[in-house]
Amino acid sequence: MVDESHNLPERSRQMYSEQMTLPRTAAMKILAQKLTNLSAAIANIYDILAQYSERAQRSGAYIFDDVSMDFTNAITRIRDELERFLDRADASDERYGDLLDYYYELQRFSSLYNIRGSSHVFYYDKAEEMLKLFCTDAREYLADRLAKGRCGIFFSATLTPLEYYREILGGKEEDKCLSIDSIFNKDNFKIAVDTSIETTYARRALFYKETAKRIRATIKAKSGNYIVYFPSYAYMQSVYDEYKARYGDEDLLLQKRQMREKEREKFLAQFIHGGKLTAFAVIGGVFGEAVDL
């Protein structure tokens, strides 16, 4: 069962993509300069990346189907030399940690290279000085994973259009799509827009007082529990301070930047049936969804 499935296409593309950068390669070449064979192999990779960088000079990007045989041979040489070094070296060697990380980076790149498919392309990004093996469409890999199980259920509140997501998530035409109505009463849902308050980053500080007044008017219009959401902690804190100065902090909660599990539970436990609690929280934070007031 896969929740929030609308995120999976992008995340799966990232999972089946890998990259190498020119600055990172240069740093490893310097680090391995006293290891003759390893340094020479890394220098070879560096030279090839530099060539890709030159080709990307005009347009800012260079797109191609495959790297050269020299490139893949150099990666194999580097891995072999790194294995020899790591087997012999002491973990206290100041080069050990960085070269071990580099070894795993090359392993990931090689593993992905070996399973790459028709949906993969290489491109060199001049701005980032980065060679990327990029997966444009991961549906064949997702389909392969799904085939190893008995069934799969993908769901999300924003999984539309269903047929489109079925296709890019590795599904087949015969796989069922189901749209279910919300369990919540639409009559209890309301959107109210106040165009007199500006919330852009450059202007929001001018409206802290007015924002606090609107919050007060809203919670006084109908008794109950409320959560007021803000796009950042700084914005939330500023409006909270204004509200507290004008109306006091009775029945008021404020989300902290870092809250442990017990603090989160205590925060939510204060919302009780028939309560009159108002909380200030951040949109993308731990109280951003699935909160039962």
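The values are calculated or read from the model by the stated rules, or taken from the named source; none is laboratory data. No experiment lies behind these values; they were computed from the predicted model shown. Don't worry about glycine lacking a Cβ; one is built from the backbone with ideal geometry, like all the others, and counts go over all protein chains shown. Areas reflect the complete protein model, heavy atoms only, side chains present, ligands, DNA and RNA absent. Shrake-Rupley method; radii C 1.70, N 1.55, O 1.52, S 1.80 Å.
Computed in the context of the full set of protein chains, the accessible area of the chain at 1.4 Å probe radius has 49% of its extent on carbon or sulfur.
Kindly identify the stretch 79-237 as rounded, prolate or oblate by the Cα gyration tensor criterion: order the square roots of the eigenvalues as a ≥ b ≥ c, call it rounded if a/c is under 1.5, otherwise compare a/b with b/c, prolate if a/b is larger, else oblate.
Oblate, because a/c is 1.5 or more while a/b does not exceed b/c.
Of all DSSP beta bridges located in the chain, what percent are antiparallel, nearest 5? About 60 percent, rounded to the nearest 5.
Among the protein heavy atoms, those of Arg11 account for about 150 Å² of accessible surface (1.4 Å probe, every chain in place). When the P(r) is computed for the stretch 44-93, the part past 18 Å accounts for 49% of the Cα-Cα pairs. Once the C-beta distance of Lys220 and Val291 is scaled by a Förster radius of 22 Å, the resulting FRET efficiency is 0.50 to the nearest 0.05. Quick check on the stretch 155-211: take the gyration tensor over C-alpha atoms, sort the square-rooted eigenvalues as a ≥ b ≥ c, and tell me if it's rounded (a/c under 1.5), prolate or oblate. Verdict is oblate for the stretch 155-211. The convex hull of the Cα atoms of the stretch 143-293, projected and averaged over all directions, covers 13.2 nm².
Taken as Cα centroids, the stretch 106-151 and the stretch 164-222 sit 35 Å apart, rounded to the nearest whole angstrom. Computed with a 1.4 Å probe over protein heavy atoms only, the accessible surface of the stretch 107-209 comes to 76 Å² per residue. With a simple spin-label model that places each label point 7 Å from the Cα along the Cα-to-Cβ direction, the separation between Ala202 and Tyr123 comes to 3.1 nm. For the stretch 1-156, the extents of the C-alpha atoms along the principal axes are 54, 43, 24 Å, listed from largest to smallest.
Taking square-rooted eigenvalues a ≥ b ≥ c of the alpha carbon gyration tensor, is the stretch 112-166 rounded, prolate or oblate, where a/c under 1.5 means rounded and, failing that, a/b exceeding b/c means prolate? In terms of gyration-tensor shape, oblate. Note that the stretch 117-126 has calculated 3J(HN,Hα) couplings of x, 5, 7, 8, 9, 9, 8, 10, 9, 5 Hz, one per residue in order, obtained from phi through the Karplus relation 6.51 cos²θ - 1.76 cosθ + 1.60 (θ = phi - 60°); glycine and proline are x. Think of it as helices only: each DSSP H run of n ≥ 4 in the chain is worth -39500 (n - 2.57), and spread over all residues that comes to -14500 deg cm²/dmol at 222 nm. Based on every Cα atom in the stretch 1-45, Rg and the maximum pairwise Cα distance Dmax equal 17.9, 51 Å.
Taking each pair of different alpha-carbon atoms in the chain once, compute 1/r for the pair, average those values, and report the inverse of that mean as the Kirkwood hydrodynamic radius in Å to one decimal.
On the way: mean 1/r = 0.0408 Å⁻¹.
It is 24.5 Å.
Cross-link pairs exceeding 20 Å between alpha carbons, from the set Lys213/Lys244; Lys220/Lys262; Lys186/Lys220; Lys148/Lys172; Lys209/Lys256; Lys190/Lys266: Lys220/Lys262; Lys186/Lys220; Lys209/Lys256; Lys190/Lys266. Projected onto their three principal axes, the Cα atoms of the stretch 203-275 cover extents of 36, 29, 19 Å, largest first.
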